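Data first, discussion second: the structure below is written as structure tokens.
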Amino acid sequence: MYLTVAILALLASSVHARMPNILILLADDMGYSDLGCYGNTSVRTPNIDSIARDGVKMTQHLTAASVCTPSRSALLTGRYPVRTGMAPKGIMRVNLWPYSTSGLPESEVTIAEITRQAGYRNALIGKWHLGLHRDRLGDHAHHPLNQGFDHFYGLIGTNLVDYGHEFKVVTHARPYWYGELFSIWAVTVTALVCLLKFRYVGPVTFLLAFMFWTLPVYAIYFLFDNMELFTSFLFRNHLLVEQPIRLAGLSQRLVNEGLEFMRNATDNDLPFLLVMSWVHMHVAIKTSIEFHGKSCLGRYGDGLQELDWSVGEMLRGLRDAGVEENTLVYFTSDNGGNLEIGADGGYNGRLKGGKGHGAPDGGIRVPGLMKWPGVLRTGAVTDEPTSQMDIIPIIADAVGVPLPVDRKYDGRGILPLLKEKVAISPHEFLFHYCGDKLHAVRYRPRTGHTTWKYVTHTPSLLPGRTTCRFMCSCNNAVPLATPDVYDMTSDPGETTPIEPESKMYREISAAVESAIREHVTSLDPVESQFRWDRLVPRVTWQPCCNGIFPFNCDCVDKKFENAKS
């Protein structure tokens, strides 16, 4: 019997040895041209660049959305957000409030739920931004640990400029926000006073109406004026461990948590999926003292160097654990650089637009690097269209777990393309949404070398500018009377559309419009996670680590309380 057990253990060990470890490195709001391997000569990023040197660089790598929440949902599920209920419908395009009921539905199958079936240990370290509660306080239905991950340390929500204590997200978006609120309140109160004076209402009615209007206005003011209080906290698994977040030194803590998970998995001979979801390069950018003021590009450059160091530490961890040769490493960003915040935003090179702009490539074309020793050739480059949604078919194939057949997947098997066994992307069409509205379609014919982009809407920019006030609105996008068609192979900046009277235009339009009709018929009705009743914060659900909300809500993660910041 002991011999049988030993043989079975040896067989299980050999199976695990054949299955690759998976390390996903996800940056936040990184510009397409921020990295050295994508043309940046101002700030060195040798560690991230080493992934391109040792593997494949994808030059036309695309997200499913130009903002965080829907983009991240598509990466984890391999499905367009419009299929999963994660496509925004209004002006609120991300899950801003961690204590709302919006989040990635439990019915969706994530990368982690695929690898778990193959015996992997799974962890997500860093930013989640895909919800927490669903029906009641404490149900954690949208928590990472309910989506296939075994360990979580990081932000349930996101990083915000408010955490930098220089300005607030609401006044950056609407500079006259407080004046607008006061004006609404003042006009209403003046009207009530007049009604009272002329005895159209009595004192009791006046008092009730005054309170009915004043309290909501004050509540909205208090909510948006205290975003750090309402949204800034770290969790370790299901436990709140830090409030508010100490941004300075956070990269080091994420690295330490990731390396500890990696060591625990390898020490137990378990294959692992580790998603390092960095907070950089999202504002507010705060670095540790070691990187403060070290670059020539201010805070953004400092953050970029700290991010590169963080990636280097994770790659060194693979080498130290002796698993580098059996690990698939994938680096990307959730969307493009944020142009609206100036010097603290990323650089998208010659691409048009940026984060939040909808279909322009500056918001959806991102760095895409993958290395897999023994599988992918070193130093390879592909200019073909690829998508972040393609990672789930790659992983499912690598771990030997078939994808569910009860749903439509939008990711494609691009491994033959990355291996240089085929020359043309499996994506004949890629659909570019702004929220739940289709704004453009990418078309890669099955012959030739050109990728085309058929654009039906453009963002509503400020007059004479290439930016919006804060974030472009999908609802206010400008519909084009005649769609523009761009040759993305020779004109990646989308500067010169081809002539609408040309034969090529007519052929491309016919192919794309047919593909749109087929795509639309493939969409099943789904409950939206971006309804207003789901997005609004449940104030009574707010956490407070050392007291009763909102008093004395201040604590430091005891595991790292002596760490330098």
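The values are calculated or read from the model by the stated rules, or taken from the named source; none is laboratory data. Note that this is a predicted model, so its numbers are computed, not measured. Cβ atoms come from the backbone with ideal geometry, glycine included; neighbour counts cover every protein chain shown. When the accessible area is computed, the model is the full protein with side chains, heavy atoms only, and any ligands, DNA or RNA have been set aside. Shrake-Rupley method; radii C 1.70, N 1.55, O 1.52, S 1.80 Å.
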Hey, for a label at Glu166 modelled as a point 7 Å past Cα toward Cβ, could you say which residues of the range 231-249 have their backbone N under 18 Å away? 246-249
Selection from Gly55, Thr495, His280, by position along the positive dipole direction of the chain (Cβ): Thr495
Run the lone-cysteine check on the chain: no other Cys C-beta under 4.7 Å from the residue's C-beta. Cys37, Cys68, Cys194, Cys296
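Please give the calculated 222 nm ellipticity per residue for the chain, where each DSSP H segment of at least 4 residues contributes -39500 (n - 2.57) and the sum is spread over every residue; nearest 500 deg cm²/dmol?
After summing the helix terms and dividing by residue count, I get -10000 deg cm²/dmol.
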Rounded to the nearest 10 Å², the accessible area of Asp139 at probe 1.4 Å: 40
Given labels modelled 7 Å from the Cα in the Cβ direction, how far is it in nm from Thr540 to Asp554? 2.9
For the chain, which span is the longest to avoid every loop-located (per DSSP) member of chymotrypsin sites (Phe, Trp or Tyr not before Pro) having at most 16 other Cβ atoms inside 10 Å? 201-550
Stretch Arg377-Asp135 to full length: gain in nm at 0.36 nm per residue minus the Cα-Cα span? 82.3 nm
Overall dimensions of the chain by Cα: Rg and Dmax, Å: 24.7, 98
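Using the crude model of +1 on Lys and Arg Cβ and -1 on Asp and Glu Cβ, and no other charge, please compute the dipole size for the range 429-534 relative to its Cα centre, in debye to 20.
Numbers: 12 positive and 13 negative charges, 41 e Å.
Its charge dipole is roughly 200 debye.
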For the range 225-286, give the magnitude of the charge dipole about the Cα centre (Cβ charges: +1 Lys/Arg, -1 Asp/Glu; no others), in debye to the nearest 20. 120
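Percent relative contact order of the chain, based on C-alpha pairs within less than 8 angstrom and at least six residues apart? Mind showing how you got there, number by number?
Values: 1183 pairs, mean separation 143.3, N = 565.
Once divided by the residue count of the chain, the mean separation gives 25 percent.
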Hey, any idea what % of the range 174-303's accessible area is carbon plus sulfur with a 1.4 Å probe? 69
Per-residue accessible area for Arg534 at 1.4 Å probe radius, Å² rounded to 10? 30
When only DSSP loop residues count, what GluC sites (Glu not before Pro) in the range 217-325 have their Cβ near at most 14 other Cβ atoms within 10 Å? Glu290
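Heavy atoms only, probe 1.4 angstrom, no DNA, RNA or ligands counted: give me Lys408, Lys453, Lys558, Lys294 ranked by accessible area, highest first.
Numbers: Lys408 95, Lys453 0, Lys558 155, Lys294 130 Å².
The most accessible residue leads, giving Lys558, Lys294, Lys408, Lys453.
Which value, in debye to the nearest 20, describes the size of the charge dipole of the chain about its Cα centre when Lys and Arg Cβ atoms bear +1, Asp and Glu Cβ atoms bear -1, and nothing else is charged?
On the way: 54 positive and 57 negative charges, 131 e Å.
Once rounded to the nearest 20, the dipole reads 620 debye.
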Along the charge dipole of the chain, pointing to its positive end and built from +1/-1 on Cβ of Lys, Arg, Asp and Glu, which listed residue (Pro459, Leu26, Met370) has its Cα farthest out? Pro459
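What is the range 208-321's relative contact order, in percent, from Cα pairs under 8 angstrom and six or more apart in sequence? Please report the intermediate quantities before stating the final value.
Working: 85 pairs, mean separation 23.8, N = 114.
Worked out over the range 208-321, it gives 21 percent.
Please sort by residue number the GluC sites (Glu not before Pro) in the range 458-551 whose DSSP state is loop and whose Cβ has at most 10 other Cβ atoms within 10 Å.
Here the GluC sites (Glu not before Pro) that fit, given the DSSP loop and packing criteria, are Glu501, Glu527.
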Dipole of the range 471-565, positive direction: furthest Cα of Met471, Phe530, Asn562, with charges on the beta-carbon: Asn562
Between the modelled labels at Glu527 and Tyr221 (7 Å from Cα along Cα→Cβ) the distance in nm is 3.7
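How would Leu254, Leu240 line up by accessible area, probe 1.4 Å, largest first?
Details: Leu254 0, Leu240 35 Å².
The residues order as Leu240, Leu254, largest area first.
Taking a probe of 1.4 Å, how large is the accessible area per residue of the range 88-165, in Å²?
Accessible area per residue: 26 Å².
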Hey, with R₀ at 35 Å, roughly what FRET efficiency would Arg350 and Glu561 work out to, going by the Cβ-Cβ distance, to 0.05? 0.15
At what distance in angstrom do the alpha carbon centres of the range 318-391 and the range 110-188 lie from each other? 22
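By how many nm would the segment from Leu403 to Arg263 lengthen if fully extended, with 0.36 nm per residue of separation less the alpha-carbon distance? All intermediate terms of the calculation are to be shown ahead of the outcome.
On the way: separation 140, 0.36 × 140 = 50.40 nm, distance 2.87 nm.
Full extension from Leu403 to Arg263 adds 47.5 nm.
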Taking all protein chains together and a probe of 1.4 Å, list Val189, Val375 from the most accessible to the least accessible. Val375, Val189
Shape verdict for the range 298-407, please, from the Cα gyration tensor: rounded (a/c under 1.5), prolate (a/b greater than b/c) or oblate. oblate
Note on the chain: helices (DSSP H) long enough, at least 27 Å by alpha carbon along their axis, and hydrophobic enough, mean Kyte-Doolittle at least 0.5, are 177-197, 203-225
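Please state the relative contact order of the range 370-522 as a whole percent: Cα pairs under 8 Å, 6+ residues apart? Write out the running numbers ahead of the final one.
Working: 186 pairs, mean separation 22.7, N = 153.
Taking the mean separation of contacting Cα pairs over the length of the range 370-522, I get 15 percent.
Only loop residues by DSSP count here, and only those with at most 12 other Cβ atoms within 10 Å; note down the GluC sites (Glu not before Pro) in the range 75-116 that meet that. Provide the component values of the computation, followed by the final result.
On the way: sites: Glu106, Glu108, Glu113; in loops: Glu106, Glu108.
Those that pass, being in a loop and sparsely packed, are Glu106.
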For Ile245 the rounded accessible area (nearest 10 Å², probe 1.4 Å, non-protein molecules ignored) is 10
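Shape of the range 15-102 from its Cα gyration tensor (a ≥ b ≥ c, root eigenvalues): rounded if a/c is under 1.5, otherwise prolate when a/b > b/c, or oblate? Let's see the in-between values first.
Working: a/c = 2.39, a/b = 1.43, b/c = 1.67.
Oblate.
Expressed in nm to one decimal, what extension gain is obtained for the pair Asp491 and Thr450 from 0.36 nm per residue of sequence separation less their Cα-Cα distance?
Contour length minus the Cα-Cα distance gives 13.7 nm.
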